[in-house]
Amino acid sequence: MSEVKNITIFDTTLRDGEQSPGASMNIEEKLRIAHHLEKLNVDVIEAGFPIASDGDFEAVKRVAQAIKGPQIAGLSRANNMDIDRAWEALKYAGERGRIHTFIATSDIHMKYKLKMSEEQVIETAVKAVKRAAGYTPNVEFSAEDAVRTRLPFLAKVVEAVIDAGAKTVNIPDTVGYTIPSEYFNIIRYLKENVANVDKAVLSVHCHNDLGLAVANSLAAVQAGAQQVECTINGIGERAGNCSLEEIVMALRTRQDIMPFSTNVVTEHIYAASKLLSTITGLVVQPNKAIVGANAFAHEAGIHQHGVLMEKSTYEIMTPESIGLNQNKLVLGKHSGRHAFIKRLEELGYELSKEDTEKAFVRFKTLADQKKEIFDEDLDAIVADEIIRVPEVFKLLQMSVSSGSFTAPTATVEMEIKGEVKKDAEMGDGPVDATFKAIKKLTGTTARLLHFSVGAITGGTDAQGECTVRLELEGREVLGQGAHPDIIVASARAYINALNKIETTPLRTSVHL
Ligand code: KIV
Ligand code: ZN
């Protein structure tokens, strides 16, 4: 049996993941995710890009102050200003602070974006690593677009930055272009052709444009990469990044042919996935590997029969191994505070006393309207009642009349910056009338990009769950709302998105 090697898991949900359209998070939301990543026991949390905005800076600083186990990384371009700003935020993590600096190395990026020669790129990379190493020995360098970089030049860059003090060197597939055999060969080539390669950890960072991010990362690990960069639910720019749950569970499940381990406590995976979806509104598709609603559902009779006789017939990993307890405790109107709190804890929520009380009151109200309360209902209650941005705009009351005989009309009463206001509007349908009334009351100029409505569980008494995507001045936000009345849920989602626009810091555009 060969020796089992430990792979460092570098989570970039809060940095590259946040670059997903609509996934921007405020500081409190980032802290919630960071605490969950700490529970998951990832090795490194990339908390943001401090120079990008004051909000990003503050988020990295707060995560560096609050999180005790994992290392905390902050991204910087290869220049003094970025690096100094990154360390200003990261210094609160002390020895666990990691400066992650990068510059592109492919011909296409050097020619069109950087307008720099090979020599200039190497010089800039080396200078940046030395500057960062003046603050901390924990320096990571990324050769952006490494996969489209000529290999001899890539090897030269890797050798130079290791000599300059980089302890981790990342070989990103920035545009999600490679395939497993090619990526395997790139990592092998570097292992064999960079003289000082053993002085640093080789890292991989894959985007999912061809749906190969996890497969490519696995191939790289097999070729000798020691760190994988990934995100919860695979969120990230364009088609996303390598998904944390998929790479970790693949390594755990196929130890028979891949002698690698990670430090991730996989039993917290499901709750991490749920929390991220709740916060960002980016819900995973039902057939998503590991965390999708159908991932452990054995619908077909023949499969159900097999699983009942012997689980391993159709189950390659257990739901419990990702923290999915399939014996969902169903709560109802007679369930007490104790059962409610216990279930919230099992679902991975750590709420303050005050928030627990708020959620419990909402639960009791819902239980009066709905016979059985499922885990999904509890997720929706927490999302709707607790994980909400500060409310500049608050829905107080509303009523809607609609049907085939009347013109749909909505009357909405809101508290806006402390003042109570009421107005009514007509629309093409009840949601349209409601949104028009809210628009009039708030004076918003945000553009509605997307509206969707679904039922959280089955049955006509199910809660409606709405998602609204708004755009204002090039910035997209997602709002969510849940309520047994879908028109109220829609209004809550719209108002939630408006509150996000008000409270999520605007990023200055920083070009990678
Ligand atoms: O995809 C990429 O190249 C990146 C780097 C900044 C690491 O995200
Ligand atoms: Zn990336």
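Each row is one residue, and each column tells you yes or no for (1) of a type in the set (Phe, Trp, Tyr); (2) in contact with a Pro (Cβ under 7 Å, 6 or more places away or on another chain); (3) open to solvent by less than 30 Å² (accessible area, probe 1.4 Å); (4) farther than 21 Å from Val214 by Cβ.
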position: Thr8; (1), (2), (3), (4): no, no, no, no
position: Thr13; (1), (2), (3), (4): no, no, yes, no
position: Glu18; (1), (2), (3), (4): no, no, yes, no
position: Ala34; (1), (2), (3), (4): no, no, yes, yes
position: Glu38; (1), (2), (3), (4): no, yes, no, yes
position: Val44; (1), (2), (3), (4): no, yes, yes, no
position: Ala59; (1), (2), (3), (4): no, no, yes, yes
position: Arg62; (1), (2), (3), (4): no, no, no, yes
position: Ala78; (1), (2), (3), (4): no, no, yes, yes
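Filtering the stretch 251-271 to residues that are open to solvent by less than 50 Å² (accessible area, probe 1.4 Å), touching a Ser or Thr at 6+ places or on another chain (Cβ under 7 Å) and part of a helix (DSSP H, G or I) leaves Leu251, Thr266.
Filter the stretch 273-304 down to residues that are of a type in the set (Gly, Ala, Ser) and modelled with pLDDT under 85 and give me whichever is surrounded by the fewest Cβ atoms within 10 Å (Cβ to Cβ).
Residue satisfying both the conditions and the ranking: Gly301.
The stretch 143-248 holds strands (runs of 3 or more DSSP E) entirely within its bounds, and those carrying 1 or more residues that are away from ligand 1 (no atom under 12 Å from the Cβ) and not acidic (Asp, Glu) map to 201-206, 227-230.
From the list Val330, Val392, the one residue that fits, being among the β-branched types (Val, Ile, Thr) and under 30 Å from Ser24 (Cα atoms), is Val392. Check the stretch 163-178 and report whether any residue there is within 16 Å of ligand 2 (Cβ to nearest atom), small (Gly, Ala, Ser) and touching a strand residue (DSSP E or B) at 6+ places or on another chain (Cβ under 6 Å). Yes: one or more hits. Every condition in (1) in a helix (DSSP H, G or I); (2) in contact with a Leu (Cβ under 9 Å, 6 or more places away or on another chain) is met by Lys39 except one, and the failing one is (2). If you check Thr406, Thr434 for being open to solvent by less than 30 Å² (accessible area, probe 1.4 Å) and outside any strand (DSSP E or B), only one passes: Thr434. The listed residues are Ser53, Ser20, Ser2, and the only one of them that is modelled with pLDDT under 95 and within 16 Å of ligand 1 (Cβ to nearest atom) turns out to be Ser20.
The values are calculated or read from the model by the stated rules, or taken from the named source; none is laboratory data. All values derive from a computational prediction rather than experimental measurement. Note: ideal-geometry Cβ built from the backbone for every residue, glycine included; neighbour counts use all protein chains shown. Ligands, DNA and RNA are excluded from the accessible area calculation, which covers all protein heavy atoms including side chains. Shrake-Rupley method; radii C 1.70, N 1.55, O 1.52, S 1.80 Å.
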